[in-house]
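Enquirer: Questions regarding the structure given below will be posed in turn.
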């Protein structure tokens, strides 16, 4: 009987020693992965040569300094011309900003309204500072008074004065602008 108990104890000892507990390590989180700031109801002011060019307001901002990116939710952006005069306002559900490059991309229920009444609706827009243009490949709808133009893809200046809709352009024009009627 003692031999059987001894064999069982040896068997259990070998069994317990052969089992090991694996430690699971949490994933490595670098300082670039964690935000430097999380802000609510915040404002970012961008300037060019000391003159205000853009004021970005967001309900929620997550800022990553090392990546030079700020993620934003529920955005309102006011744009100003070279003299600092307000030109338009943009609203969107979300987006991100690269402050050093001074570019911005927005998505979700994007609406831009100029001070002279032109309205641009789309699902995404991107400011490209290299060409000084607002661009998208998404569906766009442009409205001014009773005139409506739709299509896919857009390239325009920051004041929405020189708009180019890239493809599948359709429209309903009731009022021609003075520029179109003047020889």
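What follows is calculated from the coordinates using simple rules that are stated; it is not laboratory data. This is a predicted model, so every value here is computed, not measured.
Enquirer: Could you work out the relative contact order of region 34-175? I mean the mean sequence separation of Cα pairs under 8 Å and 6+ apart, divided by the number of residues, in percent.
Expert: In percent, rounded to a whole number, it is 13.
Enquirer: How are the C-alpha pair distances of region 34-175 spread across 10 Å bins, as whole percents from the shortest bin up?
Expert: Final binned percentages: 12, 42, 33, 11, 2, 0.
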